[in-house]
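The values are calculated or read from the model by the stated rules, or taken from the named source; none is laboratory data. Just so it is clear, the structure is predicted and the values come from calculations on it, not from any experiment. Neighbour counts run over all protein chains shown; Cβ positions are idealised from the backbone, glycine included. Ligands, DNA and RNA are excluded from the accessible area calculation, which covers all protein heavy atoms including side chains. Shrake-Rupley method; radii C 1.70, N 1.55, O 1.52, S 1.80 Å.
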Amino acid sequence: MEKIDNLLDKIVSLCKRRGFVYPSAEIYGGFAGFWDYGPYGLALKNNIKQLWWKMFVMDRDDMYGVDAAQITKHEVLQASGHVSGFSDPLADGSRFNTMFRTSAGAGEETATAYLRPETAQGIFTNFKNIIDSFHPSLPFGIAQIGKAFRNEISPRDFIFRAREFEQMEVEYFVKPDGWREAFGLWQKKMHEWIDAVGIDAKKVYELEVTDNERAHYSKRTIDFEFDFPFGRKELYGLAYRTDYDLSNHAKASGVELSYLDEETKTKITPHVIEPSLGVDRTVLAVLCSAYTEDEMNGEPRIVLKLKPAIAPVKVAVFPLLKNKPELVKKAREIFRDLKISIGAVVFDDNGNIGKRYRRQDEIGTPFCVTVDFDSLEKGDVTVRARDTGKQERIPLPDLSAELKKRLG
Ligand code: GAP
């Protein structure tokens, strides 16, 4: 594919113009490292998280979900090594802990706490709960999607490096000698995910992270890097965390965090494989992969070639002309029906048809349905496909099923 000049600027501008992502507190001059998602960005993000939850949790029988508190007790992050080790170097050579510190409670009861820097710790601290409630057998995993917070020294590159962001993480517990196999399986799964979500696989590279660059808890890490417009940078991580977290939490809390191996009747501390995926970096990589400039009917256009599964709007319905009540009435009827069967459907009667197509192309809507005078007579509509511009007439009784089939 051709390289697009100033791609990041174009994406940032599209995101603001079309209601995907806005600078946070913009009316006060913005707030470095913080971003607000608008209606289409929120829909895109929700669709991404839903697809991930389906592929990494719901389609499997060895996964458990949790939604742990975001404000985390001091002791948890002390045991995990974050209080002493989660820091970045400052220009003068000193180190700066990038956790946001806060406190819980008032007066004598005040306790130091932190906004969690990764969702992972809320998984480890619930390991025993999941074992006690569900008695899973190894290997099994616990998954969580949620916010993480890091007081990054230099937030930059739009939503790539933010101070508040979201993660989709799995901690997958295995017998100590099973880590290599599990590592390989999750590595494969991450490539499947990259394809499914619509990230250009040709721009993804695996980087074996060297001993001295790995996080304090890891014995092996592969970074999945992506060719962002600002360079090849980390998109996701896959780490072998050994028994580091469970062992440290067991030691610090005095609570046994082990697993009884029924075969050998021995207690073991499981080892952990962790696929960790940033939601916001996914959004950015998806947008970079989908953003296309081409020509249609002799006119330049911008189109987001999003996978239908994650497109914020699946179908747009138009009456050919705004000032013909019979067309508007029919289009409204079709819109209401499709909204019930498909969900993310919009109605648009603003401006000429060409303009409406271009507006939908820019937000990645896979199909536009137009109601014209023939529709009233023959009971069919024009369905126009985003990527090819190809139009065909579909009888109304088949419309919903046909669109659903094409949306996949
Ligand atoms: N639990 C492991 C962990 O948190 P990490 O490599 O520090 O590992 C995992 O973060 C993922 O979270 C990254 O690969 C990236 O997708 C996302 N991420 C990390 N820091 C981020 C930031 N400042 N802004 C946006 N996403 C971030």
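Counted as qualifying within the range 297-408 are no strands (runs of 3 or more DSSP E), as none has 3 or more residues that are of a type in the set (Ser, Thr, Tyr).
Do we find that Pro155 is buried (at least 16 other Cβ atoms within 10 Å of the Cβ), in contact with a Phe, Trp or Tyr (Cβ under 7 Å, 6 or more places away or on another chain), modelled with pLDDT of 95 or more and of a type outside the set (A, V, I, L, M) in this structure? Answer is no for this residue.
Restricting the range 108-117 to residues that are of a type in the set (D, E, K, R) and free of Cβ contacts under 8 Å to residues at least 24 places away in the same chain, the residue that is farthest from the ligand (Cβ to nearest atom) is Glu108.
Take Ala106 and tell me if it is out of contact with any Cys (no Cβ under 9 Å at 6 or more places or on another chain) and open to solvent by 50 Å² or more (accessible area, probe 1.4 Å). Spelling it out, Ala106 is indeed out of contact with any Cys (no Cβ under 9 Å at 6 or more places or on another chain) and open to solvent by 50 Å² or more (accessible area, probe 1.4 Å).
One residue stands out in the range 297-310 among those that are in contact with a strand residue (DSSP E or B) (Cβ under 8 Å, 6 or more places away or on another chain) and among the hydrophobic types (A, V, I, L, M, F, W, C): the one that is farthest from Ile48 (Cα to Cα), namely Ile302.
Looking across the range 24-34, just one residue is in contact with a Phe, Trp or Tyr (Cβ under 8 Å, 6 or more places away or on another chain) and within 15 Å of the ligand (Cβ to nearest atom), and that is Ser24. Here the strands (runs of 3 or more DSSP E) wholly within the range 76-187 that include at least 3 residues being touching a Lys or Arg at 6+ places or on another chain (Cβ under 8 Å) are 87-89, 111-115, 140-149, 164-174.
Is the range 118-134 home to any residue that is within 30 Å of His271 (Cβ to Cβ), open to solvent by 60 Å² or more (accessible area, probe 1.4 Å) and within 16 Å of the ligand (Cβ to nearest atom)? Checked the range 118-134: at least one residue is within 30 Å of His271 (Cβ to Cβ), open to solvent by 60 Å² or more (accessible area, probe 1.4 Å) and within 16 Å of the ligand (Cβ to nearest atom). Considering only residues that are open to solvent by 30 Å² or more (accessible area, probe 1.4 Å) and not hydroxyl-bearing (Ser, Thr, Tyr), look in the range 135-151 and name the one that is nearest to the ligand (Cβ to nearest atom). For the range 135-151, the residue satisfying everything is Arg150.
Of everything in the range 152-162 that is over 16 Å from the mean Cα position of the chain (by Cα) and closer than 24 Å to Arg101 by Cα, the residue that is nearest to the ligand (Cβ to nearest atom) is Glu152. All of Leu235, Leu257 fail the test of being open to solvent by less than 60 Å² (accessible area, probe 1.4 Å) and assigned to a loop (DSSP other than H, G, I, E, B), apart from Leu257.
This table checks each residue for (1) more than 26 Å from the chain's Cα centre (by Cα); (2) modelled with pLDDT under 95; (3) within 16 Å of the ligand (Cβ to nearest atom); (4) surrounded by 14 or more Cβ atoms within 10 Å (Cβ to Cβ).
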residue: Asp261; (1), (2), (3), (4): yes, yes, no, yes
residue: Lys267; (1), (2), (3), (4): yes, no, no, no
residue: Asp280; (1), (2), (3), (4): no, no, yes, yes
residue: Val313; (1), (2), (3), (4): no, no, no, yes
residue: Val317; (1), (2), (3), (4): yes, no, no, yes
residue: Glu333; (1), (2), (3), (4): yes, no, no, no
residue: Arg356; (1), (2), (3), (4): yes, no, no, yes
residue: Asp372; (1), (2), (3), (4): yes, no, no, yes
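Filter the range 374-395 down to the residues that are more than 35 Å from the chain's Cα centre (by Cα), open to solvent by 10 Å² or more (accessible area, probe 1.4 Å) and touching a residue at least 40 places away in the same chain (Cβ under 8 Å) and list them by number. Selection gives Leu376 alone. With within 14 Å of the ligand (Cβ to nearest atom) and either in contact with a Leu (Cβ under 7 Å, 6 or more places away or on another chain) or in the same structural domain as Glu181 (by TED's automatic domain parsing) (or both) as the only criterion, which of Leu246, Leu238 stands out? Exactly one of Leu246, Leu238 is within 14 Å of the ligand (Cβ to nearest atom) and either in contact with a Leu (Cβ under 7 Å, 6 or more places away or on another chain) or in the same structural domain as Glu181 (by TED's automatic domain parsing) (or both), namely Leu238.
All of Phe173, Phe183 fail the test of being modelled with pLDDT of 95 or more and either within 17 Å of Tyr64 (Cα to Cα) or within 11 Å of the ligand (Cβ to nearest atom) (or both), apart from Phe173. Residues satisfying the criterion are present in the range 168-177 (criterion: open to solvent by less than 40 Å² (accessible area, probe 1.4 Å) and within 30 Å of Asp9 (Cβ to Cβ)).
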